[in-house]
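Take a look at the structure below.
FYI, it's all coordinate maths here, none of it is from the lab. Since the model is a prediction, treat every value here as computed from it, not as a measurement. No Cβ is skipped: glycine too gets one built from the backbone with ideal geometry, and neighbour counts run over all protein chains shown.
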Amino acid sequence: MKKIFSSPLFIPILFVFLFLFGSLTSFYGLSLFIPVITHYFRGLLNLLPTILTYAIPLFLIIILWIFIHNKNVKSRWKTIYICGLVLTGVMFICLISHLLIMGFIYDFKISTSISPLFPYDVLVFQIIYFAIGIICLIHSYKTRDLLFVAPTFEPLKKGKAVAFSFMVALSEYFLGILVIIPDVYFDGYIDSNWWMIIPTLLLNLLPVSMLIIYFLYKHVFNTRKFFLVSLISLICVTLVLVFLLLVSHIVNPKYIYESMQPFYQLGLTINIPFTIFLIPIGTIILLIVATRNFLKNNNTYEKETKN
């Protein structure tokens, strides 16, 4: 077991697993939360334990990223300790609430309203997350002497953690949207707006592509040439997809309402499909920030080379 945890491939595999699993849970969790908002929070207490359970993979992947990028032993100890406190506290409340809901509302029977094995599948996840929290707290207690170790590296900047959290949440939700494509479009008929749907759905891959480029640049290639080529390629792809999106709206302004309602519930519930435009706008903003940072680092590198 120690060989598995100490393997250099363990953290990347765990990260990919949490990201893919979190894409599913983030999409389904938000799909449950959106109707609650549009119906003036009716049924929130019944669905809140399930929604919080679906949000845990996103929380874990953010915690894992902070742990990896925090080089200080004391900071890493705090990260594990906070993770344990959050998981045990939230999951304990969710477990009690979920068991009461299972008994009074579902009479301890399987209901397929949310998932094929609901509410028992959510109960299993809650038990697993609660156990992970207990393990984190036990580990923190056994290694509590690390709290007094003096920091030897610069602390992780909070701005980076916030930016990464936003990027992962955005990527997971829009990647999760692609999961329901087989249920919507593979029912034996061809949608008349198919050529408009394809570029719109491809937009969902932009945030994921940015994350992949970031990790390849930071942990694999780490060359300015790779980053520059990837940045230019992503900018070109973004502009092409935005152009096709605008053309689609000009040709048929109602194609989103006709063919894509299951994908973008939040915008369509208020008759404004702003969720679709959130992807290119957010991507362009992040690309501008990445370009600025690249040019800044490039100028610094050139000055150091001359000196």
**Prompt:** Are any of the pairs 74/218; 78/225; 160/254; 74/225 more than 27 Å apart by Cα-Cα distance, and if so, which?
**Reply:** 78/225; 160/254; 74/225
**Prompt:** Taking neighbour counts of Cβ atoms within 10 Å as a proxy for exposure, in what order, fewest first, do 167, 196 appear?
**Reply:** 167, 196
